[in-house]
Amino acid sequence: MSIDIYVCWTAERRPRKGRLDMRVTKAQAERNRAHIVATAARLFRERGYDGVGVAELMAAAGFTHGGFYKHFRSKADLMAEASASGLSQTAARTEGVDAAEFVERYVSREHRDGRGDGCTIAALSGDAARQPADIKTEFAAGIENLLTALQAQSGTPGGADQRATRTMVIDMLAHSVGAVMLSRACPDGSPLADEILDVCRAEILASLTHGDVDGSEAGGPEA
């Protein structure tokens, strides 16, 4: 009889253990997914969307190719989620940074050479322009968030209104992104690559200092 009681007690305990294991497995699956997204965001910034396949990406994250479809329906889904993650990180790193400090950090050799850890906008805007609408939508949202973060820390001379501030921030960001992209298009370590950064950084900072965000005070073309 004592044996029967022991068997019954053991049978009753096992389901509880099973339910606990399921909760742990779900939590681990969420961590695995987040790790895959972070790995993909870095690799996409380094190589572009077409520069890395699913098998290589999963291997870099420490998983098998077959495990990919437990987390994502397609590579396109991962591309969109990785883009959103990378764009969010860029905006978060910009909070509390004023316009001049942003330009100093962004239009720099360190940013240019650290593509995998850098800004998703500078790394993937060219690729995103040829991608489906859902990825473009993620970029639009990410760019807007970055503009909002920059605008919150920026001011324009003479107490200009928010529209003028937004115009300045858009101009600054576009020139900064373009400078990094042009520099990266040149051979690594070439004098031109560094010259592009140095000239653009100085000009952007000068425009911030003088409030010349649209060229109207610098002899721009007449209407």
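Brief remarks follow.
- Residue that is least open to solvent (accessible area, probe 1.4 Å), among those in segment 186-201 that are without any contact (Cβ under 8 Å) to a residue 40 or more places away in the chain and in a helix (DSSP H, G or I): Ile196
- Segment 94-112 residues that are farther than 18 Å from Ala174 by Cβ, paired with ones that are open to solvent by less than 20 Å² (accessible area, probe 1.4 Å) and of a type in the set (A, V, I, L, M) (beta carbon under 8 Å, 6 or more apart): Glu95/Ala149; Arg109/Leu197
- Residues in segment 49-79 that are open to solvent by less than 10 Å² (accessible area, probe 1.4 Å) and within 14 Å of the chain's Cα centre (by Cα) were compared, and the one that is farthest from Ala128 (Cα to Cα) is Leu78.
- Residues that are closer than 14 Å to Cys119 by Cα and open to solvent by 30 Å² or more (accessible area, probe 1.4 Å), drawn from segment 80-94: Ala84, Ser85, Ser88, Gln89, Ala92, Arg93
- Remark: pairs (first residue in segment 55-73, more than 16 Å from Ala38 (Cβ to Cβ) and outside any helix (DSSP H, G or I); second residue open to solvent by less than 10 Å² (accessible area, probe 1.4 Å) and not aromatic (Phe, Trp, Tyr); Cβ separation under 7 Å; 6+ apart in sequence or on different chains) = Thr64/Met58.
- Applying the criterion of at least 1 residues that are among the basic types (Lys, Arg) to the helices (runs of 4 or more DSSP H) found wholly in segment 100-185 leaves 109-113, 133-153, 162-185.
The values are calculated or read from the model by the stated rules, or taken from the named source; none is laboratory data. Given the structure is predicted, the values throughout are model-derived calculations rather than measurements. FYI the Cβ positions are ideal-geometry reconstructions off the backbone, even for glycines, and counts take in every protein chain you see. Heads up: the accessible areas ignore ligands, DNA and RNA and are worked out on the full protein's heavy atoms, side chains in. Shrake-Rupley method; radii C 1.70, N 1.55, O 1.52, S 1.80 Å.
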